[in-house]
Amino acid sequence: MKKIATFILIMMIGTQFLAAQDQTAPVKEKSFTWNETTHDFGKLVQNDPASVTFTVKNIGAAPILITTAKSSCGCTVAEYTKEPIKPGESGIVKATYNSARVGSFSKTLTVVFDGFAVGETLIIKGEVEAKSTE
């Protein structure tokens, strides 16, 4: 009876050990490059929105797909290429900042690609000056 109980205990421990193994899909290596990851608008005029287009180039052997591009706040709108980007080709992430508030700003956009574990961070920054009343 002790042998059966020991056998069952060993089987249970072995099953738990196997179940605890990492069975996630392999993480793809970065296969793209950006024209820039930080853009400084410099000085902007209040209530005059500013846009920048970040370009991402696929340097891998398989197509890549941007699944989301989210800004850190509601003052920045992100648009991005929705179709798969073929090897050797480029896509875009366009960020438009609503310059309603006077002062310095630094905002981020998080871009997520299908099959990649970590999102990419793009930064826009600058300083908004009050509109002249002349």
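Residue-wise test of (1) at pLDDT below 95; (2) in contact with a strand residue (DSSP E or B) (Cβ under 6 Å, 6 or more places away or on another chain); (3) among the acidic types (Asp, Glu).
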position	(1), (2), (3)
Asp22	yes, no, yes
Ala25	yes, no, no
Asn47	yes, no, no
Val56	no, yes, no
Lys82	no, no, no
Lys107	no, yes, no
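Each residue in region 34-52 was checked for being of a type in the set (S, T, N, Q), within 21 Å of Phe116 (Cβ to Cβ) and part of a strand (DSSP E or B), and 1 of them qualify.
Restricting attention to region 66-89, the residues being surrounded by 16 or more Cβ atoms within 10 Å (Cβ to Cβ) and part of a loop (DSSP other than H, G, I, E, B) number 1. Here region 102-120 is the region considered, the condition is being in a strand (DSSP E or B) and of a type in the set (Gly, Ala, Ser), and the residue that is nearest to Asp40 (Cα to Cα) is Ser106. Within region 60-96, the only residue that satisfies the criterion of being of a type outside the set (Asp, Glu), closer than 17 Å to Asn35 by Cβ and touching a Lys or Arg at 6+ places or on another chain (Cβ under 6 Å) is Ser90. For Ser99, are the conditions met, namely being more than 17 Å from the chain's Cα centre (by Cα) and assigned to a strand (DSSP E or B)? Considered against the rule, which asks whether it is more than 17 Å from the chain's Cα centre (by Cα) and assigned to a strand (DSSP E or B), Ser99 comes out as no. For region 66-83, a residue qualifies if it is among the aliphatic types (A, V, I, L, M) and more than 15 Å from Asp114 (Cα to Cα), and the qualifying residues are Val77, Ala78. Quick check, is Ala61 touching a Pro at 6+ places or on another chain (Cβ under 8 Å), at pLDDT below 95 and at negative phi? For Ala61, the condition - touching a Pro at 6+ places or on another chain (Cβ under 8 Å), at pLDDT below 95 and at negative phi - is met.
The values are calculated or read from the model by the stated rules, or taken from the named source; none is laboratory data. Owing to the predicted nature of the structure, the values given are computational and were not obtained by experimental measurement. Positions of Cβ are backbone-derived with ideal geometry, glycine not excepted, and every protein chain shown enters the neighbour counts.
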